1. Given (1) without any contact (Cβ under 8 Å) to a residue 12 or more places away in the chain; (2) under 18 Å from the mean Cα position of the chain (by Cα); (3) within 25 Å of H33 (Cα to Cα), identify the lone condition not met by N113.
2. At least 1 residues that are modelled with pLDDT of 90 or more and surrounded by 11 or more Cβ atoms within 10 Å (Cβ to Cβ) in each: list the strands (runs of 3 or more DSSP E) lying fully within the range 1-95 that qualify.
3. Which condition breaks for K78 when tested against (1) touching a helix residue (DSSP H, G or I) at 6+ places or on another chain (Cβ under 8 Å); (2) without any contact (Cβ under 8 Å) to a residue 40 or more places away in the chain; (3) more than 22 Å from R47 (Cα to Cα)?
4. Across the range 116-138, which residue is modelled with the highest pLDDT among those that are among the acidic types (D, E) and over 22 Å from the mean Cα position of the chain (by Cα)?
Amino acid sequence: SPLFRNAEGGNGVINETSGNSGIGTSSPQYKLHVVGTIYATGSITERSDIRMKDVETYSWAPALSAIADAPIAIYTMKDDKEQRRRVGSIAQYWQKAMPEAVCEAADGMLSMNYGEISLVSVVALAREVRQLKAQIEMLKRR
């Protein structure tokens, strides 16, 4: 049975079966599932050391049109009691454009890894800029 702790109106749960922990939810879907804003004064990092990876070359980069066509939305989450306006994109779009950066929970809801999408998009743009600069230099020499 899950372990619940409720202090000062907040709730948290550790599910002994799945090992998932939740803050603000009684049914966590991930190892740490937080319903609400997470605040950090330091960095949140992801392990990236090549010694921990089986690496394949990721030669595909999103076409600039896929990046440019990505929906940017101002929205409120339906379950946000404060109805805080946010800005972001739509997981269903990125699931087609970059499926590796989209996760589907057991309940079918999608989430996005904005960091992965941002990094790959910036690198694709940087490569395009480098290519355009080379073309400009070639045209100048003519």
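The values are calculated or read from the model by the stated rules, or taken from the named source; none is laboratory data. Predicted model, so just to flag it, every value in this text is computed and none were measured. When we count neighbours, we look across all protein chains shown, and the Cβ atoms used for this are built from the backbone with ideal geometry, even at glycine.
1. Among (1) without any contact (Cβ under 8 Å) to a residue 12 or more places away in the chain; (2) under 18 Å from the mean Cα position of the chain (by Cα); (3) within 25 Å of H33 (Cα to Cα), N113 violates only (1).
2. In the range 1-95, the matching strands (runs of 3 or more DSSP E) lie at 73-75, 86-88.
3. The one condition K78 does not meet is (1).
4. Among residues in the range 116-138 that are among the acidic types (D, E) and over 22 Å from the mean Cα position of the chain (by Cα), the one modelled with the highest pLDDT is E137.
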